[in-house]
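I have placed the structure first, in the form of structure tokens, so that the comments after it can refer back to it.
The values are calculated or read from the model by the stated rules, or taken from the named source; none is laboratory data. Predicted, not measured: the structure shown is a model, and the values here were computed from it. Using ideal geometry, Cβ is built from the backbone for each residue, glycine included, and neighbour counts are taken over all protein chains shown. When the accessible area is computed, the model is the full protein with side chains, heavy atoms only, and any ligands, DNA or RNA have been set aside. Shrake-Rupley method; radii C 1.70, N 1.55, O 1.52, S 1.80 Å.
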Amino acid sequence: MAGVTEEEIARAKELDLLTYFKLVEPGNLKLVGKEYRHKVHSSLTISKDSLWCWHCIGLRGRTALKYLIDVEKVPYVEAVREINRIQGGVVHSSQPVSLPQPRAEPQAPRDFKLPEPDTNSYAAMAYLRGRCIHPNVLAFCRKEGILYQTSFKNHPNCVFVGRDGEGVAKGGSLRGCTQLQFRRDIPGSKKIYPFYIQASTKADTVEVYEAPIDAMSGASLKLMQHTGPWRSVHYLALAGTDYAALDAFLKYFPAVRKIVLCLDNDNAGRTRTQDIIANLAGSGKAVEDRPPPVGKDYNDTLVQYMQEYRAHCISMDDILEETR
């Protein structure tokens with residue numbers, strides 16, 4: 001291969017990803033249970049024996065070389081040179097390597113503060129009703145203060161509030177509710193403080209979803225399908241697929257004995273479901289995998305249910321016609 005020798009390639013393949021990160025950005029690794037997690041790339045996990053997985057795209061490997069090429073999209077030759085430079089090898093070119101420099105130590109976290117609410121929530125409620133979220137669920141979330149509307153530069157956004165076990169707001173996320181597709185965490189938020197809809201009693205079950213809209217969709221389905229009081233269980237949103245929020249929630253609500261995993265029907269959701277099941281092994285909790293029966297996520301399922309319901313619903317005109 002032009003630019004690198006077979007010897008250089010072989011040497012580069014010797015470096016595993018765990019060692020690579022310990023060399024170039026040790027401050028961004030944290031040990032969670034039996035695996036390391038990256039503080040910036042929450043989808044990346046590395047086991048103690050150096051096997052790594054980038055869950056959101058379903059890539060796995062061991063070497064730093066494969067990670068740089070497949071995940072960071074660094075050209076092969078540049079990746080080999082960069083790894084050998086880190087290991088003390090010789091880079092046979094004066095051309096700069098396009099790999100980002102090691103990150104500085106993380107800055108002090110920003111203080112968390114919820115954005116100011118708009119004078120009304122018309123746009124946010126219209127957006128969520130368009131996603132078929134039941135008005136009773138919306139009304140409850142607004143009453144609890146875990147859902148409201150805020151605007152930036154005249155663009156309204158849904159605010160989903162994350163809380164600790166005492167119900168104190170300590171995190172949250174924004175979702176654009178117009179044609180402008182906007183998603184972001186509120187500055188200062190931590191994934192450990194999730195969006196959740198608390199049950200009305202000391203429930204022993206939590207249903208776990210990836211996003212707040214999915215959690216509200218699950219609640220809407222239970223309400224409309226009459227499978228039991230809709231607030232007989234907790235509804236938790238992981239804000240992605242990181243299970244740190246679930247671990248924290250189980251500490252907040254120790255009465256929970258059953259965990260129903262309602263993660264997405266995609267590779268990341270299915271992979272993380274198995275990871276969570278493995279993480280809970282030996283915990284004494286009952287775990288059920290309940291993926292969406294229709295579509296990618298539970299909002300897809302809810303929308304499909306509503307379409308079928310409306311298709312079979314008798315209109316007032318039909319009733320009047322039958323009485324004539």
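Just to make sure I understand: if all protein chains stay in place, what is the order of 249, 112, 152 by accessible area at 1.4 Å, largest first?
The most accessible residue leads, giving 152, 112, 249.
How much accessible surface area, in Å² rounded to 10, belongs to the heavy atoms of residue 168 with a 1.4 Å probe?
Near enough 70 Å² of accessible area.
Multiply the residue gap between residue 204 and residue 73 by 0.36 nm, knock off their C-alpha separation, and tell me the result in nm, one decimal place. Mind dumping the intermediate values first?
Values: separation 131, 0.36 × 131 = 47.16 nm, distance 4.50 nm.
Between residue 204 and residue 73, full extension yields an extra 42.7 nm.
How large is the accessible surface of residue 73 in square angstrom, using a 1.4 angstrom probe and rounding to the nearest 10?
150
Top to bottom by accessible area (1.4 Å), largest first, where do 66, 202, 251, 22 land? Walk me through the numbers before you get to the answer.
Values: 66 75, 202 190, 251 165, 22 105 Å².
Highest to lowest solvent-accessible surface, that is 202, 251, 22, 66.
Largest first, how would 29, 51, 236 line up by accessible area (1.4 Å probe)?
Numbers: 29 25, 51 80, 236 0 Å².
From most exposed to least exposed: 51, 29, 236.
³J(HN,Hα) across the range 244-257 via Karplus (A = 6.51, B = -1.76, C = 1.60, θ = phi - 60°), whole Hz, x for Gly/Pro?
Listing the rounded values in order: 4, 5, 5, 4, 5, 4, 5, 6, 5, 10, x, 6, 5, 10 Hz.
Given the protein chains as shown and a 1.4 Å probe, how many square angstrom of residue 303 are accessible, to the nearest 10?
For residue 303, solvent-accessible area is about 40 Å².
In terms of modelled amide H atoms, which long-range or inter-chain residues lie less than 5 Å from the amide H of residue 162?
170, 171, 172, 173
Kirkwood-based Rg over Rh for the range 111-172 (C-alpha set), two decimals?
0.97
Report the net charge of residues surrounding residue 196, where surrounding means a beta-carbon distance below 14 angstrom and charges are Lys +1, Arg +1, Asp -1, Glu -1. Could the numbers behind the result be given before it?
On the way: positive: 163, 170, 191, 231, 251; negative: 144, 164, 166, 207, 210, 214, 247.
Summing Lys and Arg as +1 and Asp and Glu as -1 gives -2.
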